[in-house]
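Here, each number is a calculation from the coordinates, and none is a lab measurement. Fair warning: this is a prediction, and the values are worked out from it, not measured in the lab. Positions of Cβ are backbone-derived with ideal geometry, glycine not excepted, and every protein chain shown enters the neighbour counts.
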Amino acid sequence: MHKTTRSLPAIAAALLAAAILAVGSPAQAPGAASPQDNHGPAGHHEEEPAPTNLKVLPKNLTGEQVHEIMHKWAADLGGHCDTCHTADPTKIGPNGRPQLNFADDTKPEKATARLMYKMVEDINTNYVGKIDNSGAPVTCGTCHRGHLGPEPFVPPQEHHDHGAPTPAGQQPPLPH
């Protein structure tokens, strides 16, 4: 179901995706060209420049580390770098398209991405991390599963109390 107006969680998710994608280009098949790829020949990129304007990620990360994080976030969200980052029409890349200005904060999606990143860190630190044997930490993909706006979860019918058969001798559960 598509709505013209997105809910706050969907907007936050979109922003998280955009922020994650801000420094990297989306994962792609070898040799495939992407409109966001400003690194030169397909499948090749130069060393990533040192990141600037990091507000939620650790400031000591290298350009390559931030690039890897952005690739992961892009995959989790199904987005592209330009979801959160603005194009700089004064800088044209080798592909003839404007390069992205990763430090620019004008797109609201970037602020949402930062907010969502802080939420994920809070969940992992203050909730998941306090449960013995809790398993894998929460990631963007936990909810988004490749979509900028995560689809609402609808449990299968067999998991609803009112749809389950009642064992012999017991009353069915009352509706909530």
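Taking the Cβ-Cβ separation of Asp104 and Lys59 as r and a Förster radius of 25 Å, what is the calculated FRET efficiency to the nearest 0.05? Write down the numbers at each step before the final one.
On the way: r = 18 Å, r/R0 = 0.72.
For R0 = 25 Å, the calculated efficiency reads 0.90.
Show me 73-80, 51-58 ranked by packing, highest mean number of other Cβ atoms within 10 Å first. Working shown, then result.
On the way: 73-80: 23.6, 51-58: 13.9.
Output ranking for 73-80, 51-58: 73-80, 51-58.
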key: Theoretical FRET efficiency, 1/(1+(r/R0)^6), r = Cβ-Cβ of Ala50 and Thr139, R0 25 Å, to 0.05   = 0.50
key: Separation of the Lys72 and Thr90 label points, Cα + 7 Å toward Cβ, nm   = 3.4 nm
task = Please label the shape of the range 46-105 as rounded, prolate or oblate, based on the square roots a ≥ b ≥ c of the eigenvalues of the alpha-carbon gyration tensor (a/c under 1.5 means rounded; beyond that, a/b larger than b/c means prolate, else oblate).
result = prolate
request  = Give me the net charge of Cys140's neighbourhood, meaning all other residues with Cβ under 11 Å from the Cβ of Cys140; Lys, Arg count +1, Asp, Glu -1.
outcome  = +1
query = Near Lys110, which lysines are there with a Cα under 27 Å away, not counting those fewer than 8 places off in the same chain?
reply = Lys3, Lys55, Lys59, Lys72, Lys91, Lys118
